[in-house]
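Have a look at the structure below, then the notes.
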Amino acid sequence: MKNRTVWMIALVLMIAAIALPAAAAAESDRETFLENFEAVYPANIGGVIDSANPYTKSVRIVKTTQSGISVMLDKVLVTEDELAVSFLISGDFPENLFDVHLYTDINVSPLVPYPPELSFEPQRGGGGGDPVYVRVVNENPLVALDTATIALMYDEGYVSAADPIRVHIRIPQIDIGWDYSEEEGNAQYYHEDEVLEFEFETDGAELAAQTKTFDLDHTFEIDGKTYEFHRLHFNPMQLILFTGEMSSGFSWEYTEGVRYVIAATDDGNKINLNAVEAADCPYRGFRAKILDPEVIRSLERTKTLTLTPCYLPDQTNEDPNSYPLWENPAMDCSPERAVTVNIQE
């Protein structure tokens, strides 16, 4: 009996000795694939980051959990008020994959005080992420994409896009979902809770070098109310229009007021600047992050930029789902209220 026990132990150790190197080799192959894989991101990822954007930088740090899920911190994009990152995730995922999502805690530093000449009084700060269902960017091996963002402007100061930024990312959980049932509204899930951490330095210096600030002092009236455009912060990828209280109380209901601003270039490209909610940023105003390379080139070339406020009359009795905001026929984007800024002298 003793000999049989010894033989069984030896057999288990032999199988483990064969299986463990094989598993390690598979993980190594997967990591090597990710390190050399150039993913093309889908266009509909919520305006966070784009693989084709000329200001996106590669990071390419890979970490693998003990269960065999490899996560590569792929790219980073720094604009004036936000840092965005993307991750590529691969592993022996089940069939009928439905959801691959990383929980991300991002810390950026150093935080510096706002200069006294800054054109806004900080309101509130914040950060964010981009949880969505699975985005597959490669089939064999299967590679999924996830993204996350963190704000660079806060009540107490800001992280300069022009200077080196220290980034620490902690991923405490990875969710893998499959076999989603529309009838029951649920899916099978595996929750990986091994913590992965990434550290690196980056900056947005190339984009920041093109940033220009224009004092506007543009005032206009609508229905007896006075509105102001104070200052435009411009570069080819980020437009920030500082205002007074134009967007305070902003909601996605049909609330009366200036709901968005159209920025038009010389060659006819139009960019919608969305109203900033106080929970998103410490300033009041409107902003747009531009990922489309064609629109970026248009902003790099344009000599002027025309800013047109779009006003929505009181529609509190209307169904908020009647029209998308941009297509609402009651929206008044009168050119008489526009202001044109000379971008290039």
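Each value in this text was obtained by applying a stated rule to the coordinates, not by laboratory testing. Every value quoted in this text rests on a predicted model; they were computed, and no experiment measured them. Positions of Cβ are backbone-derived with ideal geometry, glycine not excepted, and every protein chain shown enters the neighbour counts.
Given the pairs Lys212/Lys303; Lys225/Lys270; Lys75/Lys303; Lys63/Lys289, which are separated by over 22 angstrom at their Cα positions?
Details: Lys212/Lys303 13 Å; Lys225/Lys270 26 Å; Lys75/Lys303 31 Å; Lys63/Lys289 30 Å.
The answer is Lys225/Lys270; Lys75/Lys303; Lys63/Lys289.
Remark: segment 112-240 is approximated by an ellipsoid whose semi-axes, taken from the C-alpha gyration tensor as √(5λ), come to 39, 22, 15 Å, largest first.
By the scheme Lys and Arg +1, Asp and Glu -1, what is the net charge of all other residues having a beta-carbon under 13 Å from that of His218?
Details: positive: Arg231, Arg337; negative: Asp215, Asp217, Glu221, Glu228, Glu336.
Its environment carries a net charge of -3.
Across segment 181-187, in residue order, what do the Karplus-derived ³J(HN,Hα) couplings come to in whole Hz, using 6.51 cos²θ - 1.76 cosθ + 1.60 with θ = phi - 60° and x for Gly and Pro? Result, rounded to whole Hz: 10, 5, 5, 8, x, 9, 9.
For the pair Asp193 and Thr213, label points projected 7 Å from Cα toward Cβ lie 4.7 nm apart. For Val143, the amide hydrogen comes within under 5 Å of the amide hydrogens of Val137, Asn138, counting only partners 5 or more places away or on other chains and with H modelled in the peptide plane. Phi angles across segment 281-296 convert, under the Karplus curve 6.51 cos²θ - 1.76 cosθ + 1.60 with θ = phi - 60°, into 3J(HN,Hα) values of 8, x, 10, 9, x, 9, 8, 8, 9, 9, 9, 5, x, 5, 5, 4 Hz, Gly and Pro given as x.
Global size of segment 131-186: 17.6, 51 Å for Rg and Dmax (C-alpha atoms, Rg to one decimal, Dmax whole). Principal semi-axes of the equivalent ellipsoid, √(5λ) from the alpha carbon gyration tensor of segment 40-205, are 32, 16, 15 Å from largest down. The Kirkwood hydrodynamic radius of segment 167-222, based on inverse pair distances between different Cα atoms, is 17.1 Å.
Find out how many positive minus negative residues lie around Pro42, taking Lys and Arg as positive, Asp and Glu as negative, among other residues whose Cβ is under 11 Å from that of Pro42. Show your work: numbers first, answer last.
Numbers: positive: Arg135; negative: Asp50.
Around Pro42, the charge tally is 0.
Amide H contacts for Gly257 (H built 1.01 Å from N in the peptide plane; partners 5 or more residues away or on another chain; cut-off under 5 Å): Leu312.
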